[in-house]
Amino acid sequence: QAQLVQSGGGLVQAGGSLRLSCKASRIITSVFTVSTMAWYRQAPGKQREMVAALHPNGSTNYADFVKGRFAISRDNAKKMVYLQMDSLKPDDTAVYYCLGRPNGDYSGRDYWGQGTQVTVSS
């Protein structure tokens, strides 16, 4: 069973916005706070690719194709991770997955969300 529960997604027109949410309900706070959180996506016929990552020290990584349009954020108190997606393009259409990757003493196990569909119409 997925230990990260995703919500959001849906159908929007090109140029529109969506916000994806990921809640680490079954991950204790001490583990969540030392975890790198990331969003991946997978379109039909393509490999899963990294979209954005947010590290415990606050640093971020973004794929080139979303820079300036997407923003990843987290709320450690609520154990939530978000992906704000603006200026959406049809090429953004994919299933989006939330990933938690603990670091340090808790490393060695990844946690995935169930995935949520994002569809952008032209």
How big is D, in µm² s⁻¹, for the range 1-44 by Stokes-Einstein at 37 °C and 0.692 mPa s if Rh is the Kirkwood radius over C-alpha pairs?
-> 257 µm²/s
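With the contact rule set at Cα under 8 Å and sequence spacing of 6 or more, what percent relative contact order holds for the range 61-100? Walk me through the intermediate numbers first.
Numbers: 22 pairs, mean separation 12.0, N = 40.
It rounds to 30 percent for the range 61-100.
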How many nm separate the modelled label positions at Thr119 and Gln84, each set 7 Å beyond the Cα in the direction of the Cβ?
-> 2.7 nm
One checks the Cα atoms of the range 24-85 and finds Rg and Dmax, in Å, of 12.5, 37
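Mind listing which chymotrypsin sites (Phe, Trp or Tyr not before Pro) in the range 17-53 are in a DSSP loop and have 15 or fewer other Cβ atoms within 10 Å? It would help to have the intermediate numbers written out before the result.
Working: sites: Phe32, Trp39, Tyr40; in loops: none.
The qualifying sites: there are none.
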Working out 0.36 nm times the residue gap between Asp75 and Asp91, then minus their Cα-Cα distance, what length gain in nm do you get to one decimal?
-> 2.9 nm
Could you give log10 I(q)/I(0) at q = 0.16 Å⁻¹ for the chain, computed by the Debye formula over C-alpha point scatterers of equal weight, without solvent?
-> -0.70
Place a label point 7 angstrom from the Cα of Gln3 along the Cα-to-Cβ direction, then list the residues of the range 96-116 whose backbone nitrogen is under 14 Å away.
-> 99-114
Full extension from Arg48 to Ser25: what is 0.36 nm times the residue separation minus their Cα-Cα distance, to one decimal in nm?
-> 5.9 nm
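The numbers here are math on the coordinates, done by the rules we state, and not lab data. No experiment lies behind these values; they were computed from the predicted model shown. Here the Cβ is made from the backbone with ideal geometry for all residues, glycine too, and neighbour counts use every protein chain on show.
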